[in-house]
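Colleague: Here it is: the structure, laid out below.
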Amino acid sequence: MGIKSILITGGAGFIGSHVVRLFVEKYPNYHIYNLDALTYAGNLENLKDIESRTNYTFIKGDITDESFIKALFETHRFESVIHLAAESHVDRSIKDPLAFVRTNVFGTMILLNAFKASWKDDYSNKLFYHISTDEVYGSLGDTGLFTERTSYDPNSPYSASKASSDHFVRAYGETYGLPYVITNCSNNYGQNQFPEKLIPLFINNILNSKPLPVYGDGNYTRDWLYVKDHAIAIDLVFHKGKNSETYNIGGFNEWKNIDLVKLLCQQMDAKLGRSKGSSDALITYVKDRPGHDLRYAIDASKIKDELGWVPTVTFEEGLIKTIDWYLSNEQWLDHVTSGTYQSYYQKQYS
Ligand code: NAD
Ligand code: TYD
């Protein structure tokens, strides 16, 4: 069998870098092309350990650049695409929704068109794998779970843009026979996550004894999944998922924000040798996020029953691994929190 050519978009970001590493290391017969615009969230330091592998190529480029993407697909004839590139932070989407339409909707369309044009509707052994989020389903009350049949009901510009891109992927499947799978995953955490999202932001603030800004009353619930377990699920769906299907991915692991923050404080105090309760004192309730979804919870039984996937890491273990990584990678943290991060932080939290 020849070398299979796979395009991974957004591979320099948080989840993408774990997916790129897994594929590069596990599949020497695949050539992995990592296409990333290196926005504030993209960071090649995430992939230092694999950058010189012979089955890996990094390409700096923007998925919204139509002529560039068209030419790239003509040159490389990617057999599969795993599409992760996106604007991914809800708070930023509230301040600048158009940036989310541009990358998440328009960028996805450009990729779909380029993939379609390069195979001219002859799709045997081809796949467009679109990575999405559980946030497209909107907000749950105190009970219930999102299944693959839950209607889309997005509330933030971020989730609306992801929902829109999901619809276009599905529409290209229905209309043009383009082979696709979509996965909708819950909140990820782990090493290399940019410290604008809850867990790495709070780890960084605890390290620097800065306030921990909890939105509203902190009684919002999320399901949390360790990023490497997400990458394992993506590998499985890529190889075994059924054409035109959607799979929900979740951690079977719901936490109210405030309980999660307290656990994180406890674990950080123990790691840093600080007295018990000292990080709790940093918890500060701040103005709520507008349109804040109350609860996300995933029914991941389809991927479990059909593909045999379950998370391998408990939340407590995953959090410890995450904290350990941030503590031993302070240089990474320094690099990403210098410069523009400071002005973002000022605008968001002042
Ligand atoms: P991230 O923000 O860490 O990384 C996004 C990457 O995309 C960055 O490397 C960035 O440089 C790149 N990118 C952004 N715009 C681009 C453009 N126009 N062209 C090319 N590259 C561009 O995001 P993440 O948390 O790793 O999320 C990856 C994907 O997974 C996204 O599609 C997101 O919607 C989805 N997702 C994330 C989570 C989560 O909890 N983080 C959960 C479910 C699904
Ligand atoms: P986040 O990590 O931004 O992910 P998402 O909004 O995609 O779920 O936020 C997770 C939860 O934490 C969400 O309910 C918002 C809350 N949150 C805070 O309370 N304070 C913060 O500073 C941030 C970034 C998030």
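The values are calculated or read from the model by the stated rules, or taken from the named source; none is laboratory data. All values reported here derive from a predicted model rather than from experimental measurement. Using ideal geometry, Cβ is built from the backbone for each residue, glycine included, and neighbour counts are taken over all protein chains shown. Quick note on the areas: whole protein, heavy atoms, side chains included, nothing else; ligands and nucleic acids left out. Shrake-Rupley method; radii C 1.70, N 1.55, O 1.52, S 1.80 Å.
Colleague: Which ones in segment 183-192 are within 10 Å of ligand 1 (Cβ to nearest atom) and either charged (D, E, K, R) or open to solvent by 10 Å² or more (accessible area, probe 1.4 Å) (or both)?
Modeller: Those that are within 10 Å of ligand 1 (Cβ to nearest atom) and either charged (D, E, K, R) or open to solvent by 10 Å² or more (accessible area, probe 1.4 Å) (or both): 187, 188, 192.
Each row is one residue, and each column tells you yes or no for (1) more than 10 Å from ligand 1 (Cβ to nearest atom); (2) open to solvent by 20 Å² or more (accessible area, probe 1.4 Å); (3) aliphatic (A, V, I, L, M); (4) modelled with pLDDT under 95.
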site	(1), (2), (3), (4)
31	yes, yes, no, no
39	no, yes, no, no
45	yes, yes, no, no
63	no, no, yes, no
66	yes, yes, no, no
87	no, yes, no, no
103	no, yes, no, no
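Colleague: Kindly list, by first and then second residue, each pair from a residue in segment 300-325 that is over 17 Å from residue 134 (Cα atoms) and assigned to a helix (DSSP H, G or I) to a residue that is open to solvent by less than 90 Å² (accessible area, probe 1.4 Å) and among the charged types (D, E, K, R), limited to pairs with Cβ atoms under 6 Å and residues at least 6 apart or on different chains.
Modeller: Between residues of segment 300-325 that are over 17 Å from residue 134 (Cα atoms) and assigned to a helix (DSSP H, G or I) and residues that are open to solvent by less than 90 Å² (accessible area, probe 1.4 Å) and among the charged types (D, E, K, R), the close pairs are 323/271.
Colleague: Quick one: in segment 198-212, of everything that is away from ligand 2 (no atom under 14 Å from the Cβ) and in contact (Cβ under 8 Å) with a residue 60 or more places away in the chain, which residue is most open to solvent (accessible area, probe 1.4 Å)?
Modeller: Per the stated criteria, the residue is 209.
Colleague: A further question follows. Out of 215, 226, I need the residue that is among the hydroxyl-bearing types (Ser, Thr, Tyr) and open to solvent by less than 20 Å² (accessible area, probe 1.4 Å). Which one?
Modeller: After applying the criteria, what remains is 226.
Colleague: Inside segment 19-42, can you point out the residues that are part of a loop (DSSP other than H, G, I, E, B) and either over 14 Å from the mean Cα position of the chain (by Cα) or within 16 Å of ligand 2 (Cβ to nearest atom) (or both)?
Modeller: Correct list: 27, 28, 29, 37, 38, 39, 40, 41.
Colleague: Of the residues 322, 312, 340, only one is in contact with a Phe, Trp or Tyr (Cβ under 9 Å, 6 or more places away or on another chain), open to solvent by 70 Å² or more (accessible area, probe 1.4 Å) and within 30 Å of residue 96 (Cβ to Cβ); which?
Modeller: The unique qualifying residue is 340.
Colleague: Select from segment 149-167 the residues that are more than 13 Å from the chain's Cα centre (by Cα) and either within 14 Å of ligand 1 (Cβ to nearest atom) or open to solvent by less than 20 Å² (accessible area, probe 1.4 Å) (or both) and list them in ascending order.
Modeller: If the condition is that a residue be more than 13 Å from the chain's Cα centre (by Cα) and either within 14 Å of ligand 1 (Cβ to nearest atom) or open to solvent by less than 20 Å² (accessible area, probe 1.4 Å) (or both), then 154, 156, 157, 160, 161, 163, 164, 165, 166 are the ones that fit.
Colleague: Given the criterion small (Gly, Ala, Ser) and assigned to a helix (DSSP H, G or I), identify the matching residue among 11, 16.
Modeller: Unique residue meeting the criteria: 16.
Colleague: A further question follows. Within 14 Å of ligand 2 (Cβ to nearest atom), surrounded by fewer than 20 Cβ atoms within 10 Å (Cβ to Cβ) and not polar (S, T, N, Q): is that true of residue 177 in this structure?
Modeller: No; evaluated as a whole, the condition is false for this residue.
Colleague: Can you name every residue in segment 281-299 that is surrounded by 15 or more Cβ atoms within 10 Å (Cβ to Cβ) and either among the aliphatic types (A, V, I, L, M) or part of a helix (DSSP H, G or I) (or both)?
Modeller: Passing the criteria: 282, 283, 297, 298.
Quick grid of which residues meet (1) closer than 16 Å to residue 223 by Cβ; (2) among the polar types (S, T, N, Q); (3) part of a helix (DSSP H, G or I); (4) in contact with a helix residue (DSSP H, G or I) (Cβ under 9 Å, 6 or more places away or on another chain):
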| site | (1), (2), (3), (4) |
| --- | --- |
| 103 | no, yes, yes, yes |
| 113 | no, yes, yes, yes |
| 122 | no, no, no, no |
| 128 | no, no, no, yes |
| 132 | yes, yes, no, yes |
| 142 | yes, no, no, no |
| 150 | yes, yes, no, yes |
| 153 | no, no, no, yes |
| 158 | no, no, yes, yes |
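Colleague: Looking only at segment 205-245, count how many residues are under 20 Å from the mean Cα position of the chain (by Cα), in a strand (DSSP E or B) and more than 13 Å from ligand 1 (Cβ to nearest atom).
Modeller: Summing the residues that are under 20 Å from the mean Cα position of the chain (by Cα), in a strand (DSSP E or B) and more than 13 Å from ligand 1 (Cβ to nearest atom) in segment 205-245 gives 2.
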